[in-house]
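Have a look at the structure below before the remarks.
The values are calculated or read from the model by the stated rules, or taken from the named source; none is laboratory data. On a predicted model such as this, the values are computed, not experimentally measured, just so you know. Cβ atoms come from the backbone with ideal geometry, glycine included; neighbour counts cover every protein chain shown.
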Amino acid sequence: MLNERDVLAEVVKRALRHVDAGTTDSADAPYRHPTWTYTDPELFEQEKVKIFKESPQMVGFSCDLPGPGSFTTFDDLGVPVLLVRDNDGKVNAYLNACPHRGARLKEGCGKANSISCPYHAWGFDLKGKLRTIFKEDSFGRVDKSYYDLVRLPVEEKYGVIYVGLDPDMKFSIDGHLGDLAPYFAMWNLDDMSFVNMHEFHMNTNWKLALDTFCEGYHFGPLHKDSVGDYTMGNLSLYDRFGPERRHHRMTFVNVTIAGLKEIPVEQWTTSVFDHFAFVHFIYPNISLLVSPNAVEFFQLYPGATVGEHLTRYRCYWRGDLNRPSEGLDPQSHFRFIRDVVDKEDYWVSANVQKSLNANIKPYNTFGKNEPSLIDMHKTFLRAVGRTPVEAPLEKVGAD
């Protein structure tokens, strides 16, 4: 079990070394990334299969299903899913389709004692067993066990819920997270309260939108009146985790962190977390921000075409919503983050997508100070069987 105070103290030590030196965690060199990866329809179709449907999906948290009968639904990758907590407290995942004729069983989220098809009133218990057939005598006798709900693989651990979109998929949360799992355990993600949710339907490729969460180089210019007002934009820590190092964590520090140099290390407590935030990329499509008060959960999904995507943002409060938090209001915090993403990050992304659609500039350049973008995009290419090809560095800036 990780010691939170020790983990946070090590982060502060690393950050302060960069503060003193005016540096940041970096790659060895800039990297020129081909722009067709944001616009190519063939690659886009490969990504939907190889990156999304063949990977377990982080779909929510334990608090999203607070008690027996709690359910939620989603249909982000063409597979309709129904999540429900049964009377034994176990989370179940089903294909959200009646085995009779395929009608959608539930919409949205809520609470129910059983599952009833709105089309022909077939009834199922929370464990997916078919219990009743409407007017069974006239329908004809059938083996009810054949018509149980189709199960999808699901696991709940560390307060998070993962689902596989293939009934035959085998996975474990520990196997997927690898050495990131102990940090999930440390954050007590099973002790959170839901605040609010917003969906962004954007004319941008899903990877282009994801890029905005993976570097702080833009904080000063783009977020000068919001996030950039209190963070050190071009200073971040970068750590990789998991199988094939597919996940990463960026640490973005506040300008106040310099004040910790005046306090002896042995006097540091977990309150040093007030001076930075962790932004995780969880392969393949999650941006997860963990700060002392809140958890921001961003799910990014491909849209109908290569130039469209959906981002679902859900904000959670660590612990009880009513706990004292030094004047911070959960709903105000949610609106602040939503507006920064909408009016700043995604405003720029939409403009960039228009430029890329012109298919004139063959490469974008990721700087040494944007190491997460370099590694993440190479990971995506390898996942679909492509070999990342680096343009000669002497051509950087020569277009």
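Some observations on this one:
- The single condition from (1) in contact (Cβ under 8 Å) with a residue 24 or more places away in the chain; (2) in contact with a Lys or Arg (Cβ under 6 Å, 6 or more places away or on another chain) that HIS100 fails is (2).
- Residue in the range 339-360 that is modelled with pLDDT of 95 or more, in a loop (DSSP other than H, G, I, E, B), within 26 Å of ASN196 (Cβ to Cβ) and not aliphatic (A, V, I, L, M) present: no
- You will find that of ALA15, ALA21, ALA27, ALA9, the residue that is over 30 Å from TYR301 (Cα atoms), surrounded by 15 or more Cβ atoms within 10 Å (Cβ to Cβ) and either out of contact with any strand residue (DSSP E or B) (no Cβ under 6 Å at 6 or more places or on another chain) or not assigned by TED's automatic domain parsing to the domain that holds ASN369 (or both) is ALA9 and no other.
- Candidate set from the range 161-193 (those that are touching a helix residue (DSSP H, G or I) at 6+ places or on another chain (Cβ under 6 Å) and part of a strand (DSSP E or B)); member that is farthest from ASN234 (Cα to Cα): TYR162
- Qualifying residue in the range 43-57 (condition: hydroxyl-bearing (Ser, Thr, Tyr) and buried (at least 19 other Cβ atoms within 10 Å of the Cβ)): yes
- Single match in SER26, SER62 (criterion: out of contact with any His (no Cβ under 6 Å at 6 or more places or on another chain), under 21 Å from TYR158 (Cα atoms) and in contact (Cβ under 8 Å) with a residue 60 or more places away in the chain): SER62
- Checking LEU328, LEU373, LEU356 one by one, the residue that is surrounded by 14 or more Cβ atoms within 10 Å (Cβ to Cβ) and out of contact with any Cys (no Cβ under 7 Å at 6 or more places or on another chain) is LEU356 and no other.
- Filtered residue count, the range 319-338, keeping only those that are basic (Lys, Arg) and modelled with pLDDT under 95: 1
- LEU222 touching a Leu at 6+ places or on another chain (Cβ under 6 Å) and over 30 Å from ASN322 (Cα atoms): no
- Just one of the listed residues (ALA93, ALA121) is of a type in the set (A, V, I, L, M) and loosely packed, with under 14 Cβ neighbours inside 10 Å, and it is ALA121.
Yes or no, residue by residue, for (1) part of a strand (DSSP E or B); (2) on the phi > 0 side of the Ramachandran plot; (3) not small (Gly, Ala, Ser):
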residue	(1), (2), (3)
ARG14	no, no, yes
GLU45	no, no, yes
LYS48	no, no, yes
ILE51	no, no, yes
GLY67	no, no, no
VAL79	no, no, yes
GLY89	no, yes, no
ALA97	no, no, no
LEU105	no, no, yes
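- Any hit, the range 334-351, residues being surrounded by fewer than 19 Cβ atoms within 10 Å (Cβ to Cβ), of a type in the set (Gly, Ala, Ser) and not assigned by TED's automatic domain parsing to the domain that holds ASP75: yes
- Scope the range 122-144; condition under 36 Å from the mean Cα position of the chain (by Cα) and either over 28 Å from GLY78 (Cβ atoms) or not in a strand (DSSP E or B) (or both); matching residues: TRP122, ASP125, LEU126, LYS127, GLY128, LYS129
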